[in-house]
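The values are calculated or read from the model by the stated rules, or taken from the named source; none is laboratory data. Please read these numbers as outputs of a predicted model, since none were measured by experiment. So basically every Cβ, Gly included, is an ideal-geometry build from the backbone, and we count neighbours across all protein chains shown.
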There are 2 protein chains.
Amino acid sequence: MSTQLQEIAPESAQETPQALVERLARAGRAAQTKLARLPSEAREAALKLAAQSLRRAEPEILPANAIDMANGEARGLTGALLDRLRLDPARLAAMADAVAQVASLEDPVGQIIDSRSRPNGLVLERVRVPIGLIGIIYESRPNVTADAAALCVRSGNAALLRGGSEAVHSNRAIHQALVAGLVEGGVPADVVQLVPTQDREVVGAMLTAAGLVDMIVPRGGKSLVARVQADARVPVLAHLDGICHTFVHAAADPAMAQAVVLNAKMRRTGICGAMETLLIDATYPAAAALVTPLIEAGCEVRGDARAQAIDPRILPAGAEDWDTEYLDAVLSVAVVDGLDAAIAHIARHSSGHTDAILTDDAQAAARFLNEVDSAIVMHNASSQFADGGEFGLGAEIGIATGRLHARGPVALEGLTTYKWLVRGTGQVRP
Amino acid sequence: MSTQLQEIAPESAQETPQALVERLARAGRAAQTKLARLPSEAREAALKLAAQSLRRAEPEILPANAIDMANGEARGLTGALLDRLRLDPARLAAMADAVAQVASLEDPVGQIIDSRSRPNGLVLERVRVPIGLIGIIYESRPNVTADAAALCVRSGNAALLRGGSEAVHSNRAIHQALVAGLVEGGVPADVVQLVPTQDREVVGAMLTAAGLVDMIVPRGGKSLVARVQADARVPVLAHLDGICHTFVHAAADPAMAQAVVLNAKMRRTGICGAMETLLIDATYPAAAALVTPLIEAGCEVRGDARAQAIDPRILPAGAEDWDTEYLDAVLSVAVVDGLDAAIAHIARHSSGHTDAILTDDAQAAARFLNEVDSAIVMHNASSQFADGGEFGLGAEIGIATGRLHARGPVALEGLTTYKWLVRGTGQVRP
């Protein structure tokens, strides 16, 4: 551990977690005020320097990661967790490339949302401004340190990062390299701060720091997100579950439906946009051709009574299956009586993330898109496309299933708010 | 009290406040789903019928209001509170007119925020949709019952209204008339529900009904808003304080500055957009001409040492004055050394509502508009213009000083969220 890190860590018990968060948040917000006044080109250039700095810091970052990997193995982390934790030259290069890509994204700050003139001559504009200080609470993946920080800086925000204890050495090395590049580019160091202690109470202090932390983004497993949502008194941008449905309507093209359903479930089973429930219209003529390829690809299929009639290998589904995000090669299947029944099932069981209809009937598609009330509603596409990169946003800080501020994949625009500018010539209100 | 009201009121102690809120919220959300599927014209027509119904119900509403007035007088309500409570034929007509005006506002629901095509042929749109169920917690003014309900219905939302006990008879009569008109227009009655009990625990149950109530809008005094913000686990749209500053820059036109300053403070002292602190540039040549008319208009002026030198009638300001929303004919005045000092004072003491600069120096104005981080930032205009109607929004559900979702005057757009529509032709993700 470097001297610098020891210096900013709370010494003994003198500084409470609340005081630490307040100190970091105030420093971050002060730095953010300076960042927001930099021209867009300066923020872009600084992020490109940060990307270069990450590449140059391979001799520091990979050994730090090796310590985390060794500790993780000693602590008995699962293979999946170790894989998330692991960095190698290719992954580190990809992390630096991602930072450079975010640097090149269109700057939302200063964009004029709308403008209007009033009869009294007042001219009003709404203009995008940064939110302020974003708290990121995350686990395992050290690349979040770079990704989240880059998105915050590009959008003029300060980031307060709180990574997991399993990645502490990796996160510190990445943070140090990133900030060195930013500072080289004229960005104040405190714009991106890494919480210097693994004290778990600091997370609680971040979650309740209303007025200091403007928004929290949790990145990690369901238990992390659930805890953040339960305890936060600060606005949270997150999704808890991705219980995504695909409804194969009577008028779906069978070849297309077969391909999309297989992709929606099996391309990657562990992502939030993976299909978890397949709804098959009772009059759809090729139900077996949907299910058989899934089973043959190694997917466990659980169905209601009518679905079980499609294939004898379908296991019975319990009531809880319709509300379960498997994140695995498991699928629940229900046979439904037409569009209304599908929409009703989704209204009851969807987590509001992504739901899709497959059909060649334009009217049915229009009704589904209109009436299904999820962050993302798709027609004739795989739910695995639910991703900021695939949506053309360049990156994402996360996918949100709340109803306010931002929904679905959230990138730079979702990290901004707006203010009203009113320009007059001395108007007084009658 | 009508039989209908007794029927839906919780009987004895069998239904807890939480259960009552859950039942009302589920009924409201179910009705909202139907409302959202009505064409815009149907919602407009139903609101116009509601306005007519309000006009027709004068023989019921005014006597109900008379009961509240009599009770209020017996309970010793202040004259200001009684005036807020009081309805007469003109005020009732104005209330109905306001509902008809909201009916005619442009419908935000279904508006396409943006659209994009991806190289793989996917077409993405973001389209505005209602938020869902909005809880309105308010005091005194019975017109909020009609205003807030109309804004919710126009934007496709359900409203759960919880008015103050002092206006209970007025609110019930207004609610009954309003709903009768809506139902006549084909809108489900449960779209606008009035909480049928004055049990104060119901407010707490609304504030913590995450997942049932989508947003809370408090309308009332500071103690109500503070309680809502402190206790809510549901997103809140509100402002606590309107500590609005006007900075008279060295290059302000003296005649304009004198008129704007007097208007910003004295037009109406009790509204949230009223100026509470005047900042005068140390080199501004006509400081006395700003302060004298205020004092002569009956304003108590409190100043720092340098401000006190302007006029012997200026009282000394204490430290707390810079953070006080007087909502009265009282003003704090500070002399500051130029633009940077003014921006720094505002950053420290503003409540983020509305702050203004008066100057003929375009560069100073541009810096002020850019660097002051409030919901509304004005140049050469009275802060009293901070109002949805004055901004051309047609109405407002409130003014928000939070940083997420909506800031400043919030009208129909702020009562919507969006969803992503993705249209494909069978795309699977590689």
- Item | Subset of segment B:404-414 (residues that are over 12 Å from residue B:236 (Cα atoms) and among the aliphatic types (A, V, I, L, M)) | B:410, B:411, B:412
- When residues of segment A:387-430 are limited to those that are touching a Lys or Arg at 6+ places or on another chain (Cβ under 7 Å) and among the basic types (Lys, Arg), the one nearest to residue A:219 (Cα to Cα): A:407
- Is one or more of the residues making up segment A:359-369 farther than 25 Å from residue A:225 by Cβ, modelled with pLDDT of 95 or more, among the hydroxyl-bearing types (Ser, Thr, Tyr) and out of contact with any Lys or Arg (no Cβ under 8 Å at 6 or more places or on another chain)? yes
- Are there any pairs, at least 6 apart or on different chains, whose C-beta atoms fall under 8 Å, with the first in segment B:375-390 and more than 7 Å from chain A (Cβ to nearest Cβ) and within 18 Å of residue B:241 (Cβ to Cβ) and the second assigned to a loop (DSSP other than H, G, I, E, B) and modelled with pLDDT of 95 or more, and if so, which? B:383/B:273; B:383/B:274; B:386/B:273; B:386/B:353; B:387/B:273
- Note on the structure: When residue B:313 is run through (1) facing chain A (nearest Cβ under 10 Å); (2) in contact with a helix residue (DSSP H, G or I) (Cβ under 7 Å, 6 or more places away or on another chain), the failure sits at (1)
- Task: Look through A:161, A:151 and report the one residue that is on the phi < 0 side of the Ramachandran plot and either in a strand (DSSP E or B) or over 20 Å from the mean Cα position of the chain (by Cα) (or both).
- Result: A:161
- Item | Residue count, segment A:11-28 (criterion: buried (at least 21 other Cβ atoms within 10 Å of the Cβ) and out of contact with any helix residue (DSSP H, G or I) (no Cβ under 7 Å at 6 or more places or on another chain)) | 2
- Are any of the residues in segment A:268-287 in the same structural domain as residue A:369 (by TED's automatic domain parsing), free of Cβ contacts under 8 Å to residues at least 12 places away in the same chain and more than 18 Å from residue A:386 (Cα to Cα)? no
- Spot the failing condition for residue A:401; the list is (1) of a type outside the set (Gly, Ala, Ser); (2) farther than 30 Å from residue B:366 by Cβ; (3) at pLDDT 95 or above, and only one is missed. (3)
- Task: Would you check which residues across segment B:242-260 are within 24 Å of the chain's Cα centre (by Cα) and within 10 Å of chain A (Cβ to nearest Cβ) and list them?
- Result: B:260
- Determine whether segment B:218-234 contains at least one residue that is buried (at least 24 other Cβ atoms within 10 Å of the Cβ) and either assigned by TED's automatic domain parsing to the domain that holds residue B:334 or among the acidic types (Asp, Glu) (or both). no
- Message: Can you pull out every residue in segment A:391-430 that is facing chain B (nearest Cβ under 7 Å), of a type in the set (Gly, Ala, Ser) and either surrounded by fewer than 23 Cβ atoms within 10 Å (Cβ to Cβ) or more than 24 Å from residue A:150 (Cα to Cα) (or both)?
- Response: A:392, A:424, A:426
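The rows are residues; the columns are (1) under 31 Å from the mean Cα position of the chain (by Cα); (2) charged (D, E, K, R); (3) buried (at least 17 other Cβ atoms within 10 Å of the Cβ).
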residue	(1), (2), (3)
A:299	yes, no, yes
A:308	no, no, yes
A:319	yes, no, no
A:326	yes, no, yes
A:331	yes, no, yes
A:343	yes, no, yes
A:353	yes, no, yes
